[in-house]
1. Can you name the residue in region 142-155 that is modelled with pLDDT of 90 or more and outside any strand (DSSP E or B) and is also nearest to Arg96 (Cα to Cα) among such residues?
2. Provide a single number: the residues in region 273-298 that are loosely packed, with under 15 Cβ neighbours inside 10 Å and outside any helix (DSSP H, G or I).
3. Do you know which of the residues in region 254-272 that are out of contact with any Leu (no Cβ under 9 Å at 6 or more places or on another chain) and in a helix (DSSP H, G or I) is farthest from Phe308 (Cα to Cα)?
4. Between Leu145, Leu131, Leu168, which is in the same structural domain as Arg112 (by TED's automatic domain parsing) and within 20 Å of Thr249 (Cα to Cα)?
5. Could you tell me whether region 268-282 includes any residue that is more than 24 Å from His173 (Cβ to Cβ) and of a type in the set (Val, Ile, Thr)?
6. Which of the numbered conditions does Ala121 fail, given that it passes all the others? Conditions: (1) without any contact (Cβ under 8 Å) to a residue 40 or more places away in the chain; (2) over 22 Å from Ala156 (Cβ atoms); (3) surrounded by 23 or more Cβ atoms within 10 Å (Cβ to Cβ); (4) aliphatic (A, V, I, L, M).
7. Can you spot a residue in region 50-59 that is closer than 27 Å to Phe135 by Cβ, polar (S, T, N, Q) and at pLDDT below 95?
8. Any idea which of (1) of a type outside the set (A, V, I, L, M, F, W, C); (2) in contact with a Pro (Cβ under 9 Å, 6 or more places away or on another chain); (3) under 15 Å from Ile71 (Cβ atoms) is the one Glu129 doesn't satisfy?
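The values are calculated or read from the model by the stated rules, or taken from the named source; none is laboratory data. Values in this document were obtained by computation on a predicted structure and should not be read as measured data. Neighbour counts are summed over all protein chains in view; Cβ atoms, including those assigned to glycine, are modelled from backbone coordinates with ideal geometry.
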Amino acid sequence: MHRVVALVRPVQSTFEVGCAVEVFGTRRPGMPQRYEFEVCTETPGPVPTSAGYAMSVSQDLTALESADTVIIPSWLPVEAPLSDGVRHALLRAHARGARLITICSGVFALARTGLLDGRSATAHPARAEQLRREFPRVRVEPDRLYVDHGDVATSAGAGAGIDLCLHLVRKDHGAAHAALLARHMAMPPHREGGQARHAPSSPAGDALDGLLEWAGERLGTPLAVGDLAAHLGVSPRTLARRFADQLGTSPGAWLLSRRVIAARTLLEETDLPVEAIAARVGLTSAVNLRRRFRAQVGTTPGAYRQAFRVP
């Protein structure tokens, strides 16, 4: 069982820790429990929260010694230094292989460990400039929902923290399990970490006149960007502008991402050979699927199937 421990501090933001609880710590009928979730703090006892009540936290920093994932769900005020005890506990957890995850302002605590030096990170837009100013060795990318380096990961605002947590579930247990969890939470199953944070003024499906649903039903055909533009009756340049404005990506990148997501589902839920899956999702050949799959997922279709095959 994967052990997730959230490190809280006074005054703790309730929504941010709630994001972690919803993804990792809530039992749901019909879903296997894949995580143990616990909360710790430097000084056990009542921990004041931003909602005006106190949380009773019984575990101290020793809880981090056996954590597989450590979550820092906000750090307020962001100027607050790390105590020696917290810094050493985080660095020890990281050194033995635990991944360190931050939600929203928690990135300031992680930056103070030095583990983000020379690496990219994201932050809430209201705090991005302050993070860049205080930690010049961190490459701040404010237009990212989350940035995952494997051993450390950061997310933007609290809502993006849910995106990051679902992304980690997808890495740990596959796209099907993460999608089922997202449906239980009434959340979108997947938003890419590179997607622009700001939502369009109207839902993307409506703004694109049903194009995404139309294309999703035709992934097995030789669908190209020109076909998407022709369906809407616009030029490829206009289509690219609308995708950038409303989805934060290009039509080609979106189409490839949808094909790979469909391939992941087929790898998890069917015994189809890779060649047949490539044909079904419009990637034409096993060689092309393997190349695209490795570039987007970081592993081969065969290894992915072995790890995430649904019984």
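1. Here is the first cut: in region 142-155, the ones modelled with pLDDT of 90 or more are 146-155.
Restricting the remaining residues to those that are outside any strand (DSSP E or B) gives 149-151.
Values: His149: 16, Gly150: 14, Asp151: 11 Å.
Top of the filtered list is Asp151.
2. Matching residues across region 273-298 total 4.
3. Within region 254-272, the first condition is being out of contact with any Leu (no Cβ under 9 Å at 6 or more places or on another chain), and the residues that meet it are 257, 261, 264-265, 267-271.
With in a helix (DSSP H, G or I) added as a condition, the list becomes 257, 261, 264-265, 267-269.
On the way: Ser257: 19, Ile261: 13, Arg264: 9, Thr265: 10, Leu267: 8, Glu268: 6, Glu269: 9 Å.
Filtering region 254-272 for residues that are out of contact with any Leu (no Cβ under 9 Å at 6 or more places or on another chain) and in a helix (DSSP H, G or I), the one farthest from Phe308 (Cα to Cα) comes out as Ser257.
4. Values: Leu131 fails: within 20 Å of Thr249 (Cα to Cα); Leu168 fails: within 20 Å of Thr249 (Cα to Cα).
Of Leu145, Leu131, Leu168, the one residue that is in the same structural domain as Arg112 (by TED's automatic domain parsing) and within 20 Å of Thr249 (Cα to Cα) is Leu145.
5. no
6. That leaves (2) as the condition not met.
7. Kept after step one, since they are closer than 27 Å to Phe135 by Cβ, are these residues of region 50-59: 50.
Imposing the further condition that a residue be polar (S, T, N, Q) reduces the set to 50.
From what is left, the residues that are at pLDDT below 95 are 50.
Yes, the conditions are met somewhere in region 50-59.
8. (3)
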